[in-house]
Amino acid sequence: MFPNNFSKLRLVSRSAQCILIGLVLLCSAGMAFSATAREIDVSVEVTLERFNKEVPGAEGFMKKAKGVLIFPQVIKAGFGIGGEYGEGAMQIGGKTVEYYSTMAASIGFQLGAQTKSIILVFTKESALKAFRNSDGWKAGVDGSVALISLGMGDSLDTTNVKDPIVAFVFGQKGLMYNLTLEGSKFSKLHK
């Protein structure tokens, strides 16, 4: 009886190792086969159009921003241990000035994969400057990010945002709730 249980444990352990290796390969493949600047720019424009269409008042809010960091597609996968990776562009005055990656790891109950889009809006010049001057900015460590979620009938016109950095996370079905960017690392890409 003991050897049989031991072989099952070893099989589960091997499965977990294979999944962990797959996650590492997913993240490293994203880095090794990173998108070109042009591909990122096209995806960013599509994401901004969708955001402006889906969120009432978004266009006016974005015009007041000191800078906007847009990640069109952040892929998250996990089986107990998870990881996520995405690439995006920083826009100031509607023009791309830099490219960034985001990466995070997590441990806990999780199974499967999902994609999401993330938009970080810098409402204060000092927050934008600190972010751009960092070697790798980590949410919750180097600064806080307020996640904005809107209820039915709300719009950004009626929301009084005072935080220096606010984030919107949305998926295939619109804005996503109960998420966090805590621990996500943002690093400059050299395109």
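Every number here is computed from the coordinates shown, using simple stated rules; none is lab data. Since this is a predicted model, take the numbers as computed values, not measurements. Here Cβ is always computed from backbone atoms with ideal geometry, including for glycine, and neighbour counts include all displayed protein chains.
With each label modelled as a point 7 angstrom along the Cα→C-beta vector, the Ser187-Ser126 pair spans 2.9 nm.
Converting phi to 3J(HN,Hα) with the Karplus coefficients 6.51, -1.76 and 1.60 and the offset θ = phi - 60°, the range 40-53 yields 5, 4, 5, 5, 4, 4, 5, 5, 5, 4, 4, 4, 5, 6 Hz in sequence order, with x at every glycine or proline. Relative protection proxy for 88-99, 113-124, from highest mean packing down: 113-124, 88-99 (other beta-carbon atoms within 10 angstrom).
Between the amide H of Ala35 and any residue lying 5 or more places away or on another chain, no distance stays under 5 Å, with hydrogens modeled in the peptide plane.
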